[in-house]
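Step one of this worksheet: look at the structure below.
Bear in mind these aren't lab numbers, they're just calculated from the coordinates by the rules spelled out. What you see is a predicted model; the values in this text were computed from it and never measured. Here the Cβ positions follow ideal geometry from the backbone for every residue, glycine too, while neighbour counts run over all protein chains shown.
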Amino acid sequence: MRVRDRAHGRALRGVGATVRARVLVAPLVGMVLVAGCSTDSGSSGSAGSNTPTVAAPAAALQMRPVESTVVPALGTYDQVAPTCGTGASSPCTDAQLLDPAGITLQAADGTRAVLGALVIDGSNVTSAKAIDRGDGSWVVNVTLDPQGTKAFATATTQAVDAAPPGNELAIVADGALVSLPVVQVPIDSGQVVVSGGFTQQQAEDLAAQLGGS
């Protein structure tokens, strides 16, 4: 299994007791994630410092398909305005984040992404736990409910054969666009790890928002 992550900050990987192949690799700003282990190569948790705290568990974490992206160097950049959050005049509200139709968000590196219909959100999380990787960084282990597992499996299956950027799934945590992994295989385990150079406090806060520890 392999998925290339071309975004920034935090990211996600599928895991499972029998999964040995790579699931997510190669970030936009230096993160490599593989099933069974993950390696950061330069990213830090600083992107989360400007992230608004989201009270609703459902809005704490979500994943959506990517309809289009634009980087600051393109002439059309200013034509794609973020709905809220980074690069916008106001932080994201729960209602905006959970809009089932879609939302436009800006990543810490300036990339703006138009995101499609909600695939899963924090309400699909049955457990979440902050884990110390032993190298000074922290991750959040997340287990999805049957509905979330099925929805995520369907979304990743569809993304595998889609043309870019439809082969990407955006990961949004605490109202911030944190990763745009390119899906190369379906992920149906329902077990995922959200990672991105978290400090202990950041990981514990996200796990707590998702109803875990």
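General observations
- Look at Asp161, Asp188 and count the other Cβ atoms within 10 Å of each Cβ; fewest to most, that gives Asp161, Asp188.
- The stretch 114-212 shape via C-alpha gyration tensor axes, a/c threshold 1.5: prolate
- Alpha-carbon centroids, the stretch 118-191 and the stretch 60-103: separation in whole Å: 18 Å
- Taking 0.36 nm per residue of separation and subtracting the Cα-Cα distance, full extension of the segment from Asp99 to Leu74 would add 6.3 nm.
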